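Asks: Sharing a structure here in structure tokens format.
Every number here is computed from the coordinates shown, using simple stated rules; none is lab data. What you see is a predicted model; the values in this text were computed from it and never measured. Reconstructed Cβ throughout: ideal geometry from the backbone, glycine too, with neighbour counts over all protein chains shown.
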Amino acid sequence: MTPDYKNSPDLQCHRAPQITRPNLIFIRAGAQALWPFCNSTLPDLRSYDIAVSYFDTPACDDKLLINADYVFSGGLSKYHAAYLVYKDFGILQKYNYICFADDDIEFLADADVIFKFSEDNKFAISQCSLTSDSFFTWNITRNHPGFSYRTVNFIELMAPIIKVDFLKNIVEVFPKSISTWGIDIYWSVRINEVNRGAIYDQFQMRHSREIKPESGKFYQYLRSINVDSMQELRDIFSDLGIAEYVMKPIQFVFFHEIVKI
């Protein structure tokens, strides 16, 4: 029986592995999802599983569908679906780091290398920087050549890499914003000297679709289920007891350039 791939308050799991790898890439995908990896084929020996949460029916030859270790349908949006995977299935708790990616992201670096860098530096939450040709919202997330990474007090929504120990402290906010607005502020206020955040300038990703709050399909869908993005943002700000949040870099780490003879 073909799964009913559509947005839903509930979540169904249609495929799951018997043995798991250390990390996970969780992708919320529609029928026209991009292949996000820099490799055209995935190595069997890799450090991450792939979970795809579909909100629309994929083609039978969809590369994500073919390669996914987990396949889900349902959930009302990316972080709502992730919350259900965490709460109802207990799957996310098995992993070390999880990247929650949109389906219009292309990683220009090997995911194994990115996960290892996150682990080696013990970042609580991080992301790759955005290429110069990406659609973007916040300047702080754009690539800065010459740096290896920047520690920052803000990580955005489209593809954060989150350590599961940190995830446990923020996951309860996921179902409070179906639009996802404000979730990034909620986790960003928890970035500190212990739970460090970073944007990787040595690793880039491309965001290939324009963000259209007025006319985009996602925002049309939100209006159809009476979700007010701005109100969800206001509610999270109110819960946090703040009226604004200033995004800023904390530390700049340069590449070491070495000349050998």
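Asks: Would you mind ranking Trp181, Trp35 so that the residue whose beta carbon has the fewest other beta carbons within 10 Å leads the list? Mind dumping the intermediate values first?
Replies: Details: Trp181 21, Trp35 14.
Going from least to most buried by this count: Trp35, Trp181.
Asks: Using Cβ counts within 10 Å as a stand-in for footprinting exposure, how do Thr141, Thr2, Thr57 rank, fewest first?
Replies: Numbers: Thr141 21, Thr2 7, Thr57 16.
Ordered from fewest to most neighbouring Cβ atoms within 10 Å, Thr141, Thr2, Thr57 come out as Thr2, Thr57, Thr141.
Asks: For the chain, what does the helix formula give at 222 nm: sum of -39500 (n - 2.57) over DSSP H segments with n ≥ 4, over the residue count, nearest 500 deg cm²/dmol? Could the numbers behind the result be given before it?
Replies: Working: 7 runs with 53 residues, N = 261.
Mean residue ellipticity at 222 nm (helix-derived): -5500 deg cm²/dmol.
Asks: Applying the Karplus parametrisation 6.51 cos²θ - 1.76 cosθ + 1.60 with θ = phi - 60° to the phi angles of segment 84-101, what ³J(HN,Hα) value in whole Hz is obtained for each residue in order, glycine and proline being reported as x?
Replies: 5, 4, 5, 6, 8, 10, x, 8, 5, 5, 6, 9, 8, 10, 10, 9, 9, 9
Asks: While we're here: Which whole-Hz couplings ³J(HN,Hα) result when phi for each residue of segment 217-226 is put into the Karplus expression 6.51 cos²θ - 1.76 cosθ + 1.60, θ = phi - 60°, listed in order with x for Gly and Pro?
Replies: These are the phi-based 3J(HN,Hα) values: 4, 4, 6, 5, 4, 4, 5, 5, 10, 6 Hz.
Asks: Mean shadow of segment 69-152, computed from the convex hull of its alpha carbons, in nm²?
Replies: Values: hull surface 28.0 nm².
Computing the convex hull of the Cα atoms and averaging its projections yields 7.0 nm².
Asks: Give me the Debye-computed log₁₀ of I(q)/I(0) at q = 0.13, 0.22 Å⁻¹ for segment 118-261, equal point scatterers on Cα only, no solvent, two decimals.
Replies: So the normalised log intensities are -0.63, -1.45.
Asks: Let me ask something additional. Please tell me which of these pairs span more than 21 angstrom C-alpha to C-alpha: Lys94/Lys168; Lys87/Lys122; Lys87/Lys212?
Replies: Working: Lys94/Lys168 12 Å; Lys87/Lys122 25 Å; Lys87/Lys212 31 Å.
From the list (Lys94/Lys168; Lys87/Lys122; Lys87/Lys212), the Cα-Cα distance tops 21 Å for Lys87/Lys122; Lys87/Lys212.
Asks: Arranged by the count of other C-beta atoms within 10 angstrom, fewest first, what order do Trp187, Trp138 take? Write down the numbers at each step before the final one.
Replies: Working: Trp187 24, Trp138 11.
So the residues, fewest neighbours to most, are Trp138, Trp187.
Asks: Between Gln12 and Gln220, what is the label-to-label distance in nm when each label sits 7 Å out along the Cα-to-Cβ direction?
Replies: Distance between label points: 2.5 nm.
Asks: To continue, here is another question. At 7 Å along the Cα-to-beta-carbon direction for both Leu240 and Ala109, put a label point, then send me their distance in nm to one decimal.
Replies: If labels sit at Leu240 and Ala109, their model points lie 2.5 nm apart.
Asks: Here is a follow-up. Short version: what are the Cα gyration tensor semi-axes of the chain, square root of 5 times each eigenvalue, largest first, in whole Å?
Replies: Numbers: eigenvalues 147, 110, 63 Å².
For the chain, the semi-axes come out at 27, 23, 18 Å.
Asks: Oh, and also: Just check segment 186-261 against the gyration tensor rule for me: Cα atoms, a ≥ b ≥ c as the square roots of the eigenvalues, rounded for a/c under 1.5, and otherwise prolate or oblate depending on whether a/b exceeds b/c.
Replies: Numbers: a/c = 4.22, a/b = 1.65, b/c = 2.56.
Taking the square roots of the gyration eigenvalues as a ≥ b ≥ c, segment 186-261 is oblate.
Asks: Now for a separate question. Assuming 0.36 nm per residue, please report the length gained on full extension of the stretch Val189 to Asp120 beyond their Cα-Cα distance.
Replies: Values: separation 69, 0.36 × 69 = 24.84 nm, distance 2.32 nm.
Stretched fully, the Val189-Asp120 segment lengthens by 22.5 nm.
Asks: A further question follows. When the chain is fully extended, how far beyond the present Cα-Cα distance does Asp165 get from Cys60, taking 0.36 nm per residue of separation?
Replies: Details: separation 105, 0.36 × 105 = 37.80 nm, distance 3.60 nm.
Here the segment from Asp165 to Cys60 would lengthen by 34.2 nm.
Asks: Does segment 39-184 classify as rounded, prolate or oblate by the C-alpha gyration tensor (a ≥ b ≥ c root eigenvalues; a/c under 1.5 gives rounded; else a/b over b/c gives prolate, otherwise oblate)?
Replies: Details: a/c = 1.37, a/b = 1.18, b/c = 1.17.
Rounded is the answer for segment 39-184, as its axis ratio a/c remains below 1.5.
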